Structure formats: structure tokens, C-alpha cells
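No lab work stands behind these numbers, since they all come straight from the coordinates. Every value quoted in this text rests on a predicted model; they were computed, and no experiment measured them. No Cβ is skipped: glycine too gets one built from the backbone with ideal geometry, and neighbour counts run over all protein chains shown.
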Amino acid sequence: MALASGQNMFINGYFKVTDFLTNQVAGLAIHKSWWSRQYEYPWAFEFIKPGIVVADMGCGYTLRPFKNMLATKAEKVYAVDARSEAKNLVINEPNIELVIADITKHINEIEPASLDRIFCLSVFEEGVDIQAALTEFKRLLKPGGLIVITFDVIANPSKPVGVYKGVSLDLFVREVKKANLEIAGGRDFSMENRLLHPDWNLAVFHCLLAHKDFQPRQQKGSKVSLVLDWIERNHIKDAGVAAWPGHIAYPEVSGYLIPTLLSHDSISLAKYLGEWLVTIQDAHGGFRSEDGKLRSFDTAACMEGLEVASAYFFDKRFSNSAAKAKKWIMDNCLDSEGRIYSQPDRQEFRNYSLRVNGLLGITPKWLTSREPKWPFGNASDRTHYITYALEGLLTLGEKEMVTSILENIKPAITDSGFISYWVRPDWEPAPPFYACHNATAQIGLLLTKLNIKDELAKQLFDSLIGIIKDDGGLPTHPGSVDTSWTAKWFLDFEDAIYDSNVLKRLT
């Protein structure tokens, strides 16, 4: 998904160091000492348009220029702050009205349902009653209006907390629901490349809120609910999610399902899976695959879920467990060239390990010199594995490489509208000649994230919708069992499609 500035980012998620940043917006400077405003201001400014009425809630009493930036486009800007020092602000713009008021209480100076946009940037971490503020924002917001928010969260619960105590994402989402608002757009809880303030132990989350039903999810949204219900039923009591119905609990899938479940409001199951992973972790830090062996890929997937859960629930059990998992991979499976082997014996090396590189933020030294370019070697391979490699490449910032590889994907599309199960290096299908449903979802997710081949992404999504069973199950390929990883990638694809649809409406 792309904003007008070309930023490829979900509407709701952590700011990343790879996101767009600038030292000025609308010709007004952003002070270089502000560690996150160079990201926050240009992102928030994407949602302003000419001729509308807006408010900058908690605008500050020092020379914070965001209200002035808004005034370059908006018809009217209410600059609202509760502190008496704000009375001394010198405002030269005729379309800015200073309002001294508490944002958690009834603001008499602004008419109900009169605001097209409400901006509240880096305010909630200062101890604000979030539910009270959101309730007042909702009262002032027009139908179809937007609430544009950023706030600090504690980056790592296992480390000391600095000046600001941060906002619990778990609490924030609950307060949004209590205020009868909804989060507009997809949610990206991934932790890689997060913008961090190391001294204050903070990251920054950006979020868009709206009245209920601002942008309905897919027209066949009931299918999404079916898939979520299938995952819930496939959860084994006192354990994780099974690989498929009747099989054992699978740590890998249980781990990387956590961010997926949080994005779809299955909060309780996400937390339970994190708690289960903590209890089954090997004493040395690794996690076991279905065959009982400690593997880097499985360990990284569990680490991914635990890191996301640690920040979302502000729980040091999860962050401690994730740190142990990361250390196990780096101590046992990583070589000096950046290769991550499947197991500590370092005998097996597969292209899908690039997903682990992405999660760890380790760019392999051999990546740029390899011929032919990774992930394609001289032999055919499963598209499911290839897409794991492409996901890792994208996380490592290799956007152009991934885009170039996907530009040539047409031969891999089957007559039935799916991605082939096995392909040669030129994307030509190789035996066995049938479709791979989870690779279809993974490729569709990548296309949507990159904002390329929209028609193909839509085709792939519609094809997947068509094979969801009445009980919500999704087979890996025609005739196979329904698998939890296929359900996971479909839900991630759906969330990205939803995010893209909201952006298209706004931009």
C-alpha cells in the first residue's frame, strides 16, 4: 500500500526507520531535536485536504508547528490545549482558533459533529484518560470523518522505562471499542526496523480511527469470520494451534499467528498462544518443529509472535522468551556470511531461511553477488518457500529486487487462478502440477504491500475466497487437508487488501 508521498506502509502500525521522513512539511521546519516528529508530521499530513475543518488536540504550548502546517490547507483549525501556558502562543494565521480546553472533557467551543479531521499526535503517552478523550473526539467528529493519532509505546518491557510511560496497545484497542469507534485500515504489528528512542525505551505507533462502518471489510467478510472461527476450533486445549485438524499443536504456526490474530481482534487467543510458547521453549532458547528437532525457522516464527505480544500486552515474559530465541538462532545457526542454517549441525541451508534473516535484521553478505539472483537457484522449488524468501528480502529493504522478481510471475498462475505449487527459476510450473493456496495468499500479500499488479492481487484474492469451505477451512492445495498456515496467510492477505481499500478511498 502506498500513501501519496510514496510511503509503503500500513495505515496502522509502528513507525519504521525505512518510512518517509522529512525536516519540513508545508514549508515549515521540524526541529531536528525531535526524534520522531520527522516521521509523524508527514504521515499525519497525508490525511489533510483543502477546505476542511480540523482540530489539533493537545497542540502544545511551545513552538510545535503542526497546527500551522494544517492551516496551509484546512479552512479552519482549532488548536486545543489544556495548559494555561498555551495562552501565550503567538498565532498569525487567521484560520487558526486557539482553544484552552481539556481534551478529555466537553469542549464547548467546537460544535458537535463539525470536524472533518481530528489530529492528536504524541499526546496519549502523557497520562491522558484515553477513553474520555476518544469519546469526546467521537462527539465532535463528522460522519465519515477521521481521527489521526500517534502515541509512544514501551519498546521492550524487559528494559527500564524512561521519561514517558507509554501507552499499552492492548488498553488502547479496548478503549477504542468502548468509545464505539473503529480502527480504519489494516494493522501491522511487525517489529522489524522499528523507529526507537533507545534512552527512553520507546517506539511510536500510528493509527487512524473512524465511526463504525467507515469502510466495511470485504463484501464477503463472513468468509473471514469463518476462517477465524476455524483457527479458534483448531486450537488445542492447554496447547497451541494444530497444524491441521487432529494433528499436534504446532509452535511455528502458533507463533506467527499471533500478529495475525491481533490484527483481526482475536486478542485472547493471541495472548494464550504467547503464554503457551513461553512454557514449551527449550531450555537453551530454541523451539522444536513437528519432527521434534530444534530449527531456526520455527524458532524465528515463535520469536516473531513473542516480540509482537510483548509490545502489545506490555509483558516481559514474552520479551524475555523472544530474546532467548533470538540468541539461540544467532549462537547456533548463523555463520559469518549471514547464512542461517536450518539446524545447529549446519548441514541444511534453504532459501526460506531469508525470512529468518529479515526477522533478525541480518542482511547476508552473499546476497548481492549470488548468480542467479536469490531466491532462484538452478533447480525448481516450492513457491511457498520462495515467497518466504521474498518476504525476508522485502523486510531487509530489497524492494526493487522483490518487485523485479514478481514482475515476471505470470507463468506461475494456473488456469484456475492460483499460484503453481512448484516452479522453475523462470516461474514456469514444474511437477507436481497443481495449485498452492498458501503461496497464492503470500504472493497476493506481497503484491498488495508493494502496490503492484492490483488486478492480479484481486484475482488471487477472489480465487481464495472461492475455495473457503463452509467450516472456514483452507487446504494447502487441491485435495489436501486444511492447514493453519494457509488460514494465516489468507487472513494477512485480507488485512492488506482492506488497508489498500481504505487508502484508495482516502487518497
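Multiply the residue separation of Asp345 and Asp454 by 0.36 nm, subtract the distance between their alpha-carbon atoms, and state the gained length in nm to one decimal. List each step's numbers first, then the result.
Working: separation 109, 0.36 × 109 = 39.24 nm, distance 4.28 nm.
Full-extension gain reported as 35.0 nm.
For the chain, calculate the relative contact order in percent as a whole number, restricting contacts to Cα pairs under 8 Å that are 6 or more residues apart.
On the way: 1021 pairs, mean separation 67.8, N = 507.
Relative CO of the chain lands at 13 percent.
What distance in nm separates the simple spin-label points at Phe433 and Asn408, each placed 7 Å from Cα in the Cβ direction?
Distance between the two pseudo-spin positions: 2.2 nm.
On a straight-distance basis, which lysines could pair with Lys138 in a cross-link, Cα separation under 24 angstrom, same-chain partners fewer than 8 positions away excluded?
The qualifying lysines are Lys49, Lys67, Lys73, Lys76, Lys105, Lys177, Lys178, Lys212, Lys504.
How would you classify the stretch 65-147 from its alpha-carbon gyration tensor, with a ≥ b ≥ c the square roots of the eigenvalues: rounded for a/c under 1.5, else prolate if a/b is greater than b/c, otherwise oblate?
oblate
Please find the FRET efficiency linking Val17 to Lys73, where r is the Cβ-Cβ separation and R0 is fixed at 22 Å, and quote it to the nearest 0.05.
0.20
Is the shape of the stretch 372-507 best called rounded, prolate or oblate, per the rule: a/c under 1.5 gives rounded, else a/b larger than b/c gives prolate, else oblate, with a ≥ b ≥ c the square roots of the Cα gyration tensor eigenvalues?
The shape class here is oblate.
In whole percent, what relative contact order does the stretch 12-211 give with Cα contacts below 8 Å and a gap of six or more residues?
Over the stretch 12-211, the number comes to 24 percent.
To the nearest 0.05, how large is the calculated FRET efficiency for Arg505 and Ala283 if R₀ is 51 Å and r is the Cβ-Cβ distance?
Here the calculated transfer efficiency is 0.50.
If we count every other residue with Cβ under 15 angstrom of Val153's Cβ, Lys/Arg +1 and Asp/Glu -1, where does the sum land?
Surrounding charge for Val153 is -2.
Enumerate by residue number the trypsin sites (Lys or Arg not before Pro) in the stretch 64-99 meeting two conditions: DSSP loop (anything except H, G, I, E, B), and at most 16 other Cβ atoms within 10 Å of the site's Cβ.
Lys73, Arg83
Residue separation times 0.36 nm, minus the C-alpha to C-alpha distance between Glu275 and Asp426: what's the value?
So the extension gain works out to 50.1 nm.
For the stretch 376-443, which chymotrypsin sites (Phe, Trp or Tyr not before Pro) are both in a DSSP coil and crowded by at most 10 other Cβ atoms within 10 Å?
On the way: sites: Phe376, Tyr385, Tyr388, Phe418, Tyr421, Trp422, Trp427, Phe433, Tyr434; in loops: Phe376, Phe418, Tyr421, Trp427, Phe433, Tyr434.
Here the chymotrypsin sites (Phe, Trp or Tyr not before Pro) that fit, given the DSSP loop and packing criteria, are Phe433.
Quick check on packing: order 184-196, 250-262 by the mean number of other C-beta atoms within 10 Å, highest mean leading.
Most protected by this proxy first, the peptides run 250-262, 184-196.
Once you charge only the Cβ atoms, +1 for Lys and Arg and -1 for Asp and Glu, what is the size of the charge dipole of the chain about its Cα centre, to the nearest 20 debye?
Value, rounded to 20: 360 debye.
Hey, which lysines would be in cross-link range of Lys410, C-alpha to C-alpha under 23 Å, not counting anything within fewer than 8 residues on its own chain?
Straight-distance partners of Lys410: Lys373, Lys399, Lys449, Lys453, Lys458.
With each run of n ≥ 4 DSSP H residues scored as -39500 (n - 2.57), what mean residue ellipticity at 222 nm is computed for the chain after dividing by its residue count and rounding to the nearest 500 deg cm²/dmol?
Result for the chain: -12000 deg cm²/dmol, rounded to the nearest 500.
Going by the alpha-carbon gyration tensor, a ≥ b ≥ c the square roots of its eigenvalues, is the stretch 178-277 rounded (a/c under 1.5) or, if a/c is not under 1.5, prolate (a/b greater than b/c) versus oblate?
Oblate, since a/c reaches 1.5 and b/c is not below a/b.
For Glu85 and Leu28, compute 0.36 nm times the residue count separating them, minus their Cα-Cα distance, and round to one decimal in nm.
Values: separation 57, 0.36 × 57 = 20.52 nm, distance 2.25 nm.
Stretched out fully, the Glu85 to Leu28 stretch lengthens by 18.3 nm.
Using DSSP, restrict attention to beta bridges with both residues in the chain and report what percent are antiparallel, rounded to the nearest 5. Mind showing how you got there, number by number?
Numbers: 30 of 51 bridges.
Among the beta bridges of the chain, antiparallel pairing accounts for roughly 60 percent.
Which lysines have a Cα lying under 19 Å from the Cα of Lys159, excluding residues fewer than 8 positions away in the same chain?
In chain and number order, the partners are Lys316, Lys324, Lys326, Lys327.
Just for the Cα atoms in the stretch 250-349, what are the lengths along the principal axes, largest first, rounded to whole Å?
40, 24, 23
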